[in-house]
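**Student:** Quick one: the structure is below, and I'll ask about it shortly.
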Amino acid sequence: MKILPGADPSKVKVTGLTPQTPASLPVVFTIDTRQAGDADLQCMVQRPDGTKIRPVMQDNGDGTVTCVYTPEDLGVYSIDVLFAGQDVPGAPFAVKAVPTGDASKCQITDGKDKVVPVNKETIIEVDAAQAGVGKVTCRIRGIDGTDIDIDIIEKGDGTFSISFLPMYAGEYTIEIKFGGQTVPGGDYTIEVGDDLIVPDSVDGVHAAGPGLFQPVDFCIPVGPIFNFVSAYVKMPSGKKAYPKIQDNKDGSVTVRYQPTETGLHELHVQYNNEPIDGSPFKFHVDAVNSGYVTAYGPGLSHGIVNERCEFTINTKDAGAGGLSLAIEGPSKTEIQCKDNDDGTCTVSYVPTSPGEYVITVKFADKNIAGSPFTAKITPGEPKKRAQISVGSSSEVSLKVTEADISNLTASIKSPTGRTEPCILKRLSNGHLGITFTPHETGEHLVNVYRNGAHIANSPFKIMVGETEIGNAGKVKCYGKGLESGMANQVNEFVVDTREAGYGGMSLSIEGPSKADIECHDNEDGTCRVTYKPTEPGTYIINIKFADEHVTGSPYTVKIGGEASAKITERITRHKEAVDVTHVGSECELSLKIPGTSPFDMTASVKSPSGVTELCDVNNLDDCHYSIKFVPKEMGVHTVSVKHRDMHIPGSPFQFTVGPITGGGSHQVHANGPGLERGEVNQPCDFNIYTREAGAGGLAIAVEGPSKAEIDFSDRKDGSCGVTYKVTEPGEYLVSIKFNDEHIPDSPFRVPISQSIGDAKKLSINALQDKGLQVGKPAAFVVNFNGAKGRLSARVVAPSGAEDEALIQEIDDGQYAVRFIPRENGLHLVHVLFDGCHIQGSPFRIMVGRVDADPGAVTAYGAGLKTGRTGQLSKFIVNTVNAGAGALAVTVEGPSKVKLDCKEISEGYEFTYTPNAAGDYLITIRYAGVHIAGSPFKARVEGPGRGSGLQEQASVVVETVTKTSTTTKFSGIQRFSSDASKVTCKGNGLQNAFRNKQSTFTVDTTGAGNNILYIGMMGPKGPCEELTVKHEGTNRYSVNYIVKEIGTYMLIVRWGDQDIPGSPFSVECQ
């Protein structure tokens, strides 16, 4: 692989490799040769057992190469990178593959045959749905000890298919692993032999003796990849037989089977592990020269629309009688019968519509054996090869017709495995066409699905040549709008892609204000781009073609003009601390959640000990709910509020039963549509949750082009509702402060649009809000219902990454919105009409299994509250019974910290070492959602000063499922307490008398919530009797009796920390 001019291996950089990586998950790293010049680049990966593999290498076209390999086994992999025949700096690199997931929970569900036929595709099914994070890997060694080629297909529901084609007879060893560990029963041998196939070598009947059968041939359209085809015949006895399969080189195969039994047979044909249309095909077999009339041939079981279907009727030795034929089905067919003058006749018919056709054959007014027959006629024509040529239209015909494309989705897979969505449309000739942007040369596969299943002949094969790849370097951009402009005026420039090949263009503008972009196609290979910023300042314009910056991009543009007038409206309210709740008292949380239905609302509360119970959800009025529960424990509870099984914005909520300690602005949370978007002269609502913050001043400010009318409603339960209304469109800043400090995410930028007008008319259907899979295309339909305007859509993933969705017109006033999710978790799909959200937007869509529950995650440990500079701080995130999902932890504060994570039995332990004193905010999200209590604030003391800037460190972990069958306390660290504020009084702390009761008291007022531990040890063992009684109001009385003279050690702890003075020394006389 050639890179750039020159040759200096010392300047090659390799990035992306880490000392450890989870086994079975792909490892991606980059080799940067931009400073090293021109030479041969080689890369080889050595497995732990000494065998070597080559990684997949993708030339990025900019002097860098992306490499991918998958570590299948546990142990150290050695990655050697050579440039100009010499090792690059650091090579060979050592990467240790460590276990991930739980292989013991995998199950081989099908295909574990001990003997298999030679030259017959064999498929092994593995169910890994309960095994957590990881993937199935497999190595199959042939008779010479080398690995044979296999295909592993991940189906998206936790199951995997392993397919292989043994070419030679002999013994093969199979090793199936998950996350680097062998699955149960996954290490075994199979015998491959020529004599294991049911005999199918008879091409004709060579004798007329009893017991011989006519061979049965099927010509069936399947798809372009022959290796994806598999078939078996189920005989009347229940046995399976494997027919011969021959590639016809036109997207169809011939299946030839030599029967050995009489009766009704079934032919099962699969393509890419999915049954093809019409499968199974049923056919009847009778012995030759049986003395009865028999019928055989493909036309009795299957066929293709508008193609001739044939079968043969044998009347030899049947005696006298009349022969009659009838064919009934979705279309009228003309039957032709040709007498072969040998006791047989050939029957043919041409079906013109797909469906099931019933063929009745009678002799002497009686049905012959097998009659009536059922023939399954499938639509479509055999797949032919498509080619993209220079300058041709991006519309590529797939040579199939589909009456309804509204519920179709499509994706295209490149030679290196990259999958992207592509646009489907109906071409003028009625065929289905696609539009896509190629990034690689070679063979691409187009997958077209209806309701998750391949349509006939999918996937389709398309070739992309070198000249079809878009070249951003040949794009020309010009115009005053790339140099300077004016605020509140339309600025423009031109993009010319006529000489740049085939690619997609993307534009973005960043600056002091949002600048609406419009692209006007001149229909000559150029387009005029206009944008209108509302504030002066410096703006950055990014122009990409074929996913690469064009020459000169990003552009820096100075925008002049007058700044827009800003009007600020403020209100201030004092929030009193809520009343302390107690065990057995009713607790309430009041929330207004627009756009919800009371029938779809649920709520639950998780206690500090991990017990989860349902809450009462009362509908007060329009989308206003009261959540109630009665606690059975003191401490921090987690309240999860869900709509249609998905957390509402802000959920889960932290709810402390007992005194609240450690409040502050970081414990105030605000959520609601009024912080995301709005419409002029319409109320914009949001909720503020202050319960855990304690008492303080709450200040709300709305700043923007017009004065805001602000209404505030204190619900007296630790929550409040805010409604504001503005009269001018534009961008508004909503600031929320508690005790003069911004709450998390404040200030909020809220775009306010003009009256949404026709956007109210739009409706959607076929929206699937659950069960979507990563990497699989998703789609829904938007109906304009008479509205006129422009539709746009974007998808926001749980990580915050944004992707534009594809918009495709499928009929007049009807559009399909298509996208491919790249992450598991909650996605937000924003659908806008002329810049205004349509009703219900953004739509909340869950991708992957809905088992990652942020409401079940808790965090505890001293590192969430306090710390010392230069010392290690630690906290634990407990994910037991929370499912598997992305755990994202961020530490932000006066100094940059090294944030480390390790897996432990109850979840994950995080450590960090702060170098500067101050407050550190620790944000913990699970599946993209804050857990209860996040963000946490840790007060760090000690020497060291920060740079004055806020530094940030983040770690994202794809967690594995951890379950517990019993309720357990995960540690007293989960309580919020301060042992230094506990006081003790009484003579029993210093002196005691043998066989007499001694007493002292413990006062935990102001020390938070925790468990009081008291123990006493004397010269010969523990004291004989010690009792602790809670007298109420956080005061305890302690009585004890000792029977030995001497010095006793008295330990008093609040949680896991000694109180001041503990351990006490008590003298017994």
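**Student:** Restricting to region 626-637, name every residue that is in a strand (DSSP E or B) and open to solvent by less than 10 Å² (accessible area, probe 1.4 Å).
**Tutor:** Ser626, Ile627, Gly635, His637
**Student:** Of all residues in region 872-890, which are out of contact with any Pro (no Cβ under 8 Å at 6 or more places or on another chain) and either closer than 24 Å to Gln1057 by Cβ or open to solvent by 60 Å² or more (accessible area, probe 1.4 Å) (or both)?
**Tutor:** Leu872, Lys874, Phe875, Ile876, Val877, Asn878, Asn881
**Student:** Looking at region 9-20, is at least one residue more than 25 Å from Glu548 (Cβ to Cβ), charged (D, E, K, R) and out of contact with any helix residue (DSSP H, G or I) (no Cβ under 9 Å at 6 or more places or on another chain)?
**Tutor:** Checked against the condition, which is being more than 25 Å from Glu548 (Cβ to Cβ), charged (D, E, K, R) and out of contact with any helix residue (DSSP H, G or I) (no Cβ under 9 Å at 6 or more places or on another chain), region 9-20 yields no hits at all.
**Student:** For region 856-878, check the following and say yes or no: at least one residue is modelled with pLDDT under 85 and assigned to a loop (DSSP other than H, G, I, E, B).
**Tutor:** The answer is no; no qualifying residue exists.
**Student:** Right, something else. Take region 610-624 and flag every residue that is within 14 Å of Thr638 (Cβ to Cβ) and either of a type in the set (Ser, Thr, Tyr) or open to solvent by less than 80 Å² (accessible area, probe 1.4 Å) (or both).
**Tutor:** Of everything in region 610-624, those that are within 14 Å of Thr638 (Cβ to Cβ) and either of a type in the set (Ser, Thr, Tyr) or open to solvent by less than 80 Å² (accessible area, probe 1.4 Å) (or both) turn out to be Gly610, Val611, Thr612, Glu613, Cys615.
**Student:** While we're here: When only residues in region 731-770 that are in a loop (DSSP other than H, G, I, E, B), open to solvent by less than 50 Å² (accessible area, probe 1.4 Å) and more than 30 Å from Gln667 (Cβ to Cβ) count, which is modelled with the highest pLDDT?
**Tutor:** Leu762
**Student:** Count, please, the residues in region 910-925 that happen to be assigned to a strand (DSSP E or B) and either among the small types (Gly, Ala, Ser) or surrounded by fewer than 17 Cβ atoms within 10 Å (Cβ to Cβ) (or both).
**Tutor:** Summing the residues that are assigned to a strand (DSSP E or B) and either among the small types (Gly, Ala, Ser) or surrounded by fewer than 17 Cβ atoms within 10 Å (Cβ to Cβ) (or both) in region 910-925 gives 3.
**Student:** Moving to a separate point now. Looking for something at pLDDT 70 or above, closer than 30 Å to Pro298 by Cα, in contact with a His (Cβ under 7 Å, 6 or more places away or on another chain) and open to solvent by 10 Å² or more (accessible area, probe 1.4 Å) - is there at least one such residue anywhere in region 375-392?
**Tutor:** Yes: one or more hits.
**Student:** Checking the condition in a loop (DSSP other than H, G, I, E, B), more than 32 Å from the chain's Cα centre (by Cα) and not polar (S, T, N, Q), which residue from Gly933, Gly944, Gly883 passes? Write out each step before concluding.
**Tutor:** Details: Gly933 fails: more than 32 Å from the chain's Cα centre (by Cα); Gly883 fails: more than 32 Å from the chain's Cα centre (by Cα).
Answer to the selection: Gly944.
**Student:** Also, quick follow-up: Name the residue that is farthest from the chain's Cα centre (by Cα), counting only residues in region 1028-1044 that are of a type in the set (S, T, N, Q) and within 11 Å of Thr999 (Cβ to Cβ).
**Tutor:** Checking each candidate, the answer is Asn1039.
**Student:** Take the residues in region 228-268 that are in contact with a Gly (Cβ under 8 Å, 6 or more places away or on another chain) and in a strand (DSSP E or B), then tell me which one is most open to solvent (accessible area, probe 1.4 Å).
**Tutor:** Leu264
**Student:** Take the residues in region 111-143 that are of a type outside the set (A, V, I, L, M) and in a strand (DSSP E or B), then tell me which one is farthest from Gly179 (Cα to Cα).
**Tutor:** Among them, the one singled out is Pro117.
**Student:** For residues that are of a type in the set (Gly, Ala, Ser) and open to solvent by 50 Å² or more (accessible area, probe 1.4 Å), tally how many sit in region 58-68.
**Tutor:** 1
**Student:** Also: Could you pull out the residue among Pro71, Pro92, Pro26 that is of a type outside the set (Val, Ile, Thr) and surrounded by 19 or more Cβ atoms within 10 Å (Cβ to Cβ)?
**Tutor:** None of the others qualify; the one that does is Pro71.
**Student:** Among the residues of region 586-606, are any open to solvent by 60 Å² or more (accessible area, probe 1.4 Å) and among the hydrophobic types (A, V, I, L, M, F, W, C)?
**Tutor:** The answer is yes; a qualifying residue exists.
**Student:** Here is a follow-up. Keeping to region 647-662, report how many residues are over 15 Å from Cys615 (Cβ atoms) and assigned to a strand (DSSP E or B).
**Tutor:** Within region 647-662, residues that are over 15 Å from Cys615 (Cβ atoms) and assigned to a strand (DSSP E or B) number 1.
**Student:** Suppose we filter region 494-538 for residues that are outside any strand (DSSP E or B) and of a type in the set (D, E, K, R); how many remain?
**Tutor:** First, the residues of region 494-538 that are outside any strand (DSSP E or B): 497-501, 503-504, 511-515, 522-525, 533-536.
Now restrict to residues that are of a type in the set (D, E, K, R): 498-499, 514, 523-524, 535.
Total meeting the criteria: 6.
**Student:** Also: State whether one or more residues within region 521-532 are under 35 Å from the mean Cα position of the chain (by Cα) and basic (Lys, Arg).
**Tutor:** no
**Student:** If we only count strands (runs of 3 or more DSSP E) wholly inside region 539-625, which ones have 2 or more residues that are under 26 Å from Asn1034 (Cβ atoms)?
**Tutor:** Because the criterion is at least 2 residues that are under 26 Å from Asn1034 (Cβ atoms), the strands (runs of 3 or more DSSP E) in region 539-625 that meet it are 587-592, 601-606.
**Student:** Follow-up. When residues of region 780-829 are filtered for being of a type in the set (A, V, I, L, M, F, W, C), in a strand (DSSP E or B) and open to solvent by 30 Å² or more (accessible area, probe 1.4 Å), how many remain?
**Tutor:** The number of residues fulfilling the criteria is 4.
**Student:** Which one of these does Pro166 not meet: (1) under 32 Å from the mean Cα position of the chain (by Cα); (2) open to solvent by less than 20 Å² (accessible area, probe 1.4 Å)?
**Tutor:** (1)
**Student:** Then there is this: Enumerate the pairs (first residue in region 149-162 and touching a residue at least 40 places away in the same chain (Cβ under 8 Å) and within 18 Å of Gln130 (Cβ to Cβ); second residue anywhere and basic (Lys, Arg) and surrounded by 17 or more Cβ atoms within 10 Å (Cβ to Cβ)) with beta-carbon separation below 6 Å, excluding pairs fewer than 6 apart on the same chain, so at least 6 apart or on different chains.
**Tutor:** The qualifying pairs are Gly156/Lys776.
**Student:** I would also like to ask the following. Step by step: first the residues of region 478-493, then only those that are outside any loop (DSSP other than H, G, I, E, B) and open to solvent by less than 30 Å² (accessible area, probe 1.4 Å), then the one that is farthest from Asp521 (Cα to Cα). Which residue is that?
**Tutor:** Within region 478-493, the match that is farthest from Asp521 (Cα to Cα) is Gly485.
**Student:** Here's something else I'd like to know. Name the residue that is surrounded by the most Cβ atoms within 10 Å (Cβ to Cβ), counting only residues in region 29-57 that are under 33 Å from the mean Cα position of the chain (by Cα) and basic (Lys, Arg).
**Tutor:** Arg47
**Student:** In addition: For region 1001-1019, what are the residues that are open to solvent by 60 Å² or more (accessible area, probe 1.4 Å), part of a strand (DSSP E or B) and within 13 Å of Thr983 (Cα to Cα)?
**Tutor:** Thr1001
**Student:** Filter region 72-110 down to the residues that are touching a helix residue (DSSP H, G or I) at 6+ places or on another chain (Cβ under 7 Å) and not in a strand (DSSP E or B), then identify the one that is farthest from Thr18 (Cα to Cα).
**Tutor:** Ala84
The values are calculated or read from the model by the stated rules, or taken from the named source; none is laboratory data. Please read all numbers here as calculations on a predicted model, not as lab measurements. Every residue, glycine as well, gets a Cβ built from its backbone with ideal geometry; the counts of neighbours run over all protein chains shown. All accessible areas refer to the heavy atoms of the entire protein, side chains included, with ligands and DNA or RNA removed. Shrake-Rupley method; radii C 1.70, N 1.55, O 1.52, S 1.80 Å.
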